[in-house]
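The values are calculated or read from the model by the stated rules, or taken from the named source; none is laboratory data. None of these values were measured; they are calculated from a predicted model. Ideal geometry is used to build each Cβ from the backbone, glycine not excepted, and the neighbour counts take in all protein chains shown. The protein model used for the area step is the full one, side chains on, heavy atoms only, and it has no ligands, DNA or RNA in it. Shrake-Rupley method; radii C 1.70, N 1.55, O 1.52, S 1.80 Å.
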Amino acid sequence: MDESRLKIGVFTPIKNNEEEDASVSNIPIFEGVNVVGRNDLPVSDKRVSRKHISLNAMLDGSVELVVEGPNPVVIKSGHQRRKLSSGDKATIGHDVLTERNKLSEEELSTLKRKRQVLEDEAFARILQDEEANNSDSLVSVQYGEFSSQSEVAVVPRNNFESAGHFNVPRENLPSTFRLLRVQRIPAWANSSSVSIGDVIQGNVIVAVLMNYMVDLDWLVSACPNLRKISHVLVILGESSATVDHLKKDKPANWVLHRPSLPISYGTHHSKVMLLIYPKGVRVVVHTANLIYVDWNNKSQGLWMQDFPWKDQKNLNRGCPFENDLIDYLNVLKWPGFSVNLPTIGHVVINASFFKKFDYSSAVVRLIASVPGYHNGPNLKKWGHMKLRAVLQDLAFAKEFQRSPLVYQFSSLGSLDEKWMSELTSSMSSGSSDDKTPLGLGKPLIIWPTVEDVRCSLEGYAAGNAIPSPQKNVEKDFLKKYWARWKASHTGRCRAMPHIKTYARYNDQNLASWFLLTSANLSKAAWGALQKNNSQLMIRSYEIGVLFLPSTEKAHGFQFSCTENSGPSKVICESSQNVEVQTKLATLCSKESSSTDSSSKVIQLPVPYELPPQPYTPEDVPWSWDRRYHSKDAYGEVWPRHVQLYVNADS
């Protein structure tokens, strides 16, 4: 990344006596923008952000320093010492330390743009070099990527570009999900993917954005339409200190809310958008934080559907999807705010407001988690017990008896075999058509190896978003579960997964079920049974979309909040009210071309290969607090052997 830039100087680590610490490498400082943060520490320190300070180095040897993280730092130059808080700016040069006021919004935006340009240019150079060196083999990898011995399987290119042929009919879009667009992958792999601009579009009059992490500057720059929305509510899960910092920088018409966390070590981790239009509401459930890297460099998933206002005669009529949604929104307890909506008048935007929309066309269910000790009638309302309750009421094809399960996610909690059996029981619920229980399925866990991370689009930096420590990952009982992240058919082998999915499958068929969710594999997210299985304890907020096989009428309505025309009707060729049985399948399913008029195959763009490939003895599961000495594509090791000192009183 820095080969073409002029080296200005170095950060030198020092010991407590202020002598140079020769055991730790210097941090080189190059002309232009440099970023220093947690990745530069040999030991992870949560007080230091991943991008804690920016250094704009000048040719005259001076450095302009900006504190971008929420915690202050202490810097010393010559005989001067300063404590700089978040957003403070100082210039260091020739033993002169000049403290300046906080960055203006324009300066901060310019700084971030410069930093991103440098990162993008680095990625582009690396991929160009790889394409030049491996042009024959890179386009011919099927169901595999380079192993540690750089072996590849060569097949005709058009046999594996499944994502390139994923063209979903408009009427089927609410029945499936889409992958998010990834930069620096082949064009065919992005042919049906979406960006944030494809989601937040049109005449949005109120937006409710729920997430864990939010970068306001990036969000507004990536989606300028947000500037035009009169009321924006952001519900987030970051720390109170971060929320306080965001409140200082947010637009005046934005409201921030952090839901209560009654049990320690929990967080608001759900990722949802509720976009209100004059014609209805758009409900979006996805897996990406509202930050640049999540919407550009990771494998992510997104589901959305538009719903119209209810007819005045049906205001009290609900449906399972509505119940799922309103139950979750009620728990968030955000401060309601009043708005004046076209043709509707003054309304208060709270949980009850969302009962005004007609969700009867939804063919998915919402599976959510909320913090608390849930018992009695609430035992099966949240977490894995909600999934168990939904599946128990359904019948599936007999081929799914004892069929396997797959768990795929980006963070692994501290687990034990007892809880894994508990979760497997919930995910194995349901009966076959003849009322026989499906029986327990054998789960596999799809988890990136160290080599997957090292060779990824971001190099070792991608491991920051796979934040599981060695003590969680390297438990002996987990070894039988590990399976490889292999995503050649969607072009995402090197786009590390931040998507979270759980499924029961048989070969390429998903007619049992498939869940796209924010929930990682942890007790905090899914809940753990207590008190002789009479109580479920959950720490965090999560939400996901459950795709199920269903029986649909052969006619219905397509509705869009953003298209100018009214709802268009899909009419069955027969005048009879024909029912169609839907089946779920991956992009690689041979059933996708079925022409049987009594059944319909809904393809889901599952990004990874099914059945998953178990680890080989050489594969090592990624854990982010281990040291890795083999260099990544950027010439870095993990963690970088450098030290950034933060004063103890900061």
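Structure above, values below:
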{"quantity": "Count - residues of region 436-466 that are touching a Lys or Arg at 6+ places or on another chain (Cβ under 6 Å) and of a type in the set (A, V, I, L, M)", "calculated": "1"}
{"quantity": "Check on LYS380, within 28 Å of the chain's Cα centre (by Cα) and among the basic types (Lys, Arg)", "calculated": "yes"}
{"quantity": "Test for VAL214: is it free of Cβ contacts under 8 Å to residues at least 40 places away in the same chain and within 30 Å of SER192 (Cα to Cα)", "calculated": "no"}
{"quantity": "Region 424-456, residues that are touching a residue at least 40 places away in the same chain (Cβ under 8 Å) and more than 29 Å from the chain's Cα centre (by Cα)", "calculated": "LYS435, LEU438"}
{"quantity": "Scope region 392-430; condition open to solvent by 30 Å² or more (accessible area, probe 1.4 Å), outside any loop (DSSP other than H, G, I, E, B) and among the small types (Gly, Ala, Ser); matching residues", "calculated": "ALA395, SER421, SER425"}
{"quantity": "Answer residue from region 470-484, given it is assigned to a loop (DSSP other than H, G, I, E, B) and closer than 14 Å to LEU521 by Cβ and is least open to solvent (accessible area, probe 1.4 Å) among those", "calculated": "TYR481"}
{"quantity": "Residues being out of contact with any helix residue (DSSP H, G or I) (no Cβ under 6 Å at 6 or more places or on another chain), part of a loop (DSSP other than H, G, I, E, B), open to solvent by 10 Å² or more (accessible area, probe 1.4 Å) and at pLDDT 75 or above - total across region 35-58", "calculated": "3"}
{"quantity": "Which numbered condition SER260 misses (of (1) surrounded by fewer than 19 Cβ atoms within 10 Å (Cβ to Cβ); (2) assigned to a helix (DSSP H, G or I))", "calculated": "(2)"}
{"quantity": "Output for region 341-358, where each listed residue is among the small types (Gly, Ala, Ser) and either part of a loop (DSSP other than H, G, I, E, B) or modelled with pLDDT under 95 (or both)", "calculated": "GLY345, ALA351"}
{"quantity": "Qualifying residue in region 301-323 (condition: touching a residue at least 40 places away in the same chain (Cβ under 8 Å), over 16 Å from ALA207 (Cβ atoms), open to solvent by less than 10 Å² (accessible area, probe 1.4 Å) and in a helix (DSSP H, G or I))", "calculated": "yes"}
{"quantity": "Filtered residues of region 17-34 (kept if at pLDDT 70 or above, open to solvent by 50 Å² or more (accessible area, probe 1.4 Å), assigned to a loop (DSSP other than H, G, I, E, B) and within 16 Å of LYS76 (Cβ to Cβ))", "calculated": "GLU19"}
{"quantity": "Filter pass, LEU209 being surrounded by 20 or more Cβ atoms within 10 Å (Cβ to Cβ) and not in a helix (DSSP H, G or I)", "calculated": "yes"}
{"quantity": "Where CYS455 falls short, out of the listed (1) within 18 Å of VAL637 (Cβ to Cβ); (2) open to solvent by less than 20 Å² (accessible area, probe 1.4 Å)", "calculated": "(2)"}
{"quantity": "Residues of region 211-225 satisfying the condition of being over 15 Å from HIS245 (Cβ atoms) and under 14 Å from the mean Cα position of the chain (by Cα)", "calculated": "ASN211, TYR212"}
{"quantity": "Scan of region 431-448 for residues that are outside any loop (DSSP other than H, G, I, E, B), open to solvent by less than 10 Å² (accessible area, probe 1.4 Å) and of a type in the set (A, V, I, L, M, F, W, C), ordered by number", "calculated": "ILE445, ILE446"}
{"quantity": "Residue under evaluation VAL194, criteria (1) at pLDDT below 95; (2) over 25 Å from THR267 (Cβ atoms); (3) of a type outside the set (Phe, Trp, Tyr), criterion not met", "calculated": "(1)"}
{"quantity": "Test: residue in region 274-281 that is at negative phi, β-branched (Val, Ile, Thr) and either open to solvent by less than 20 Å² (accessible area, probe 1.4 Å) or in contact with a strand residue (DSSP E or B) (Cβ under 9 Å, 6 or more places away or on another chain) (or both)", "calculated": "yes"}
{"quantity": "Which numbered condition LEU261 fails, given (1) farther than 29 Å from SER360 by Cα; (2) among the aliphatic types (A, V, I, L, M); (3) at pLDDT 95 or above; (4) within 20 Å of the chain's Cα centre (by Cα)", "calculated": "(4)"}
